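Values in this text are rule-based calculations from the coordinates and carry no lab data. All values reported here derive from a predicted model rather than from experimental measurement. Cβ sites come from the backbone with ideal geometry, for glycine too, and all protein chains shown count toward neighbours.
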Amino acid sequence: MRLRERPLRRVRSVYKEREIYLQEDGTGRSGNFRGIFRVDFMGSGGCIPVTPGEHGAMTAPLSIRDFSLFHGFLDRSAQESMVADLRAALEVAPLVQPVTPRGRPMSVRMSAAGRFGWITDRKGYRYSETHPDGQPWPPIPDSVRAVWDAVVPDARPPECCLINWYGEGARMGLHQDRDEADFDQPVVSISLGDDGLFRMGNVERGGKTESVWLRSGDVVVMGGAARLRHHGVDRIRFGSSTLLPKGGRINLTLRVVS
Ligand SMILES: O=C(O)CCC(=O)C(=O)O
């Protein structure tokens, strides 16, 4: 992850935002409500097929800027059991508040599971085989790994599950995920808890962006032409979900690192 250390206000003056609302049927409607935006169903437009089954309803991905969005991929009970699995992982590897290499504290709290975790401190951004407290990371829970296997069956196994926790007011600036060795491998994101406004930009810095509210149970695949696109989370709707009793949003990103 390469965070841009610019204040949000300045970013907003450069980027033109358009919000897209995902609908229950997997289609999207643009923020100006002039009609259905664009839908790529399975097998078209480079979208990744997904098989129906234990993950609840069949979810056809919506393709926006080559990001594949699987709305409602996890049903409520799958979300609850994933949260229980994550709580166990966080007992081993507690959330920390990282600082950027310039010493600025990030608003999200982070931990990880898998062989590697992504960390940042005054020494820089990097993957590490140990938590900042020196312990190895816990294994990626099977429930999380199953999502990867379902949405990107041809990819290599994930080596990192970054766990981001967004409390009230937390956000994540536009950035690219480029600390991994192989950009042919996708990044898969799973959202749990409160809604988060996910912004999708370009490979180069600047230009127009589009945003979508991600809800609990949504999955996003950032692969192919989307792999190096800038993305971030402008804000969350604190308290919008009942999944986490005290509110907040968890985002998991599964990555192949080496
Ligand atoms: O929270 C999200 O939805 C995105 C997280 C993200 O961009 C990242 O971890 O690199």
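Looking across segment 168-191 at every residue that is closer than 17 Å to residue 95 by Cβ and more than 10 Å from the ligand (Cβ to nearest atom), the one that is surrounded by the most Cβ atoms within 10 Å (Cβ to Cβ) is identified as 168.
If a residue has to be touching a helix residue (DSSP H, G or I) at 6+ places or on another chain (Cβ under 8 Å) and either more than 11 Å from the ligand (Cβ to nearest atom) or part of a helix (DSSP H, G or I) (or both) to count, how many in segment 224-246 make the cut? Here the count works out to 2. Being away from the ligand (no atom under 11 Å from the Cβ), touching a residue at least 24 places away in the same chain (Cβ under 8 Å) and outside any loop (DSSP other than H, G, I, E, B) is true of residue 221.
Comparison of 148, 165 shows that the only residue that is in a helix (DSSP H, G or I), surrounded by 17 or more Cβ atoms within 10 Å (Cβ to Cβ) and within 16 Å of the ligand (Cβ to nearest atom) is 148.
Among residues of segment 157-178 that are farther than 17 Å from residue 250 by Cβ and of a type in the set (A, V, I, L, M, F, W, C), those with a Cβ under 6 angstrom from a residue that is near the ligand (Cβ under 9 Å from one of its atoms) and assigned to a strand (DSSP E or B), sequence gap 6+ or separate chain, pair up as 174/232. If you go through segment 129-145 and pick out every residue that is among the acidic types (Asp, Glu) and in a loop (DSSP other than H, G, I, E, B), you end up with 2.
Tell me yes or no: at least one residue of segment 155-162 is more than 27 Å from residue 200 (Cα to Cα) and surrounded by 15 or more Cβ atoms within 10 Å (Cβ to Cβ). No, segment 155-162 has no match at all. When you look at residue 197, is it within 16 Å of the ligand (Cβ to nearest atom) and farther than 14 Å from residue 228 by Cα, yes or no? In short, yes.
Here segment 98-144 is the region considered, the condition is being in contact with a helix residue (DSSP H, G or I) (Cβ under 8 Å, 6 or more places away or on another chain) and among the hydroxyl-bearing types (Ser, Thr, Tyr), and the residue that is nearest to residue 196 (Cα to Cα) is 111. Determine whether segment 133-142 contains at least one residue that is in contact with a Gly (Cβ under 7 Å, 6 or more places away or on another chain) and either buried (at least 20 other Cβ atoms within 10 Å of the Cβ) or small (Gly, Ala, Ser) (or both). For segment 133-142, residues in contact with a Gly (Cβ under 7 Å, 6 or more places away or on another chain) and either buried (at least 20 other Cβ atoms within 10 Å of the Cβ) or small (Gly, Ala, Ser) (or both): present. Tell me, yes or no, whether segment 83-96 has at least one residue that is under 20 Å from residue 179 (Cβ atoms) and β-branched (Val, Ile, Thr). Yes, because at least one residue in segment 83-96 is under 20 Å from residue 179 (Cβ atoms) and β-branched (Val, Ile, Thr). Looking at 257, 187, 212, which is the one that is in contact with a Phe, Trp or Tyr (Cβ under 7 Å, 6 or more places away or on another chain) and under 27 Å from residue 129 (Cβ atoms)? Selected residue: 257, the only one of 257, 187, 212 that is in contact with a Phe, Trp or Tyr (Cβ under 7 Å, 6 or more places away or on another chain) and under 27 Å from residue 129 (Cβ atoms).
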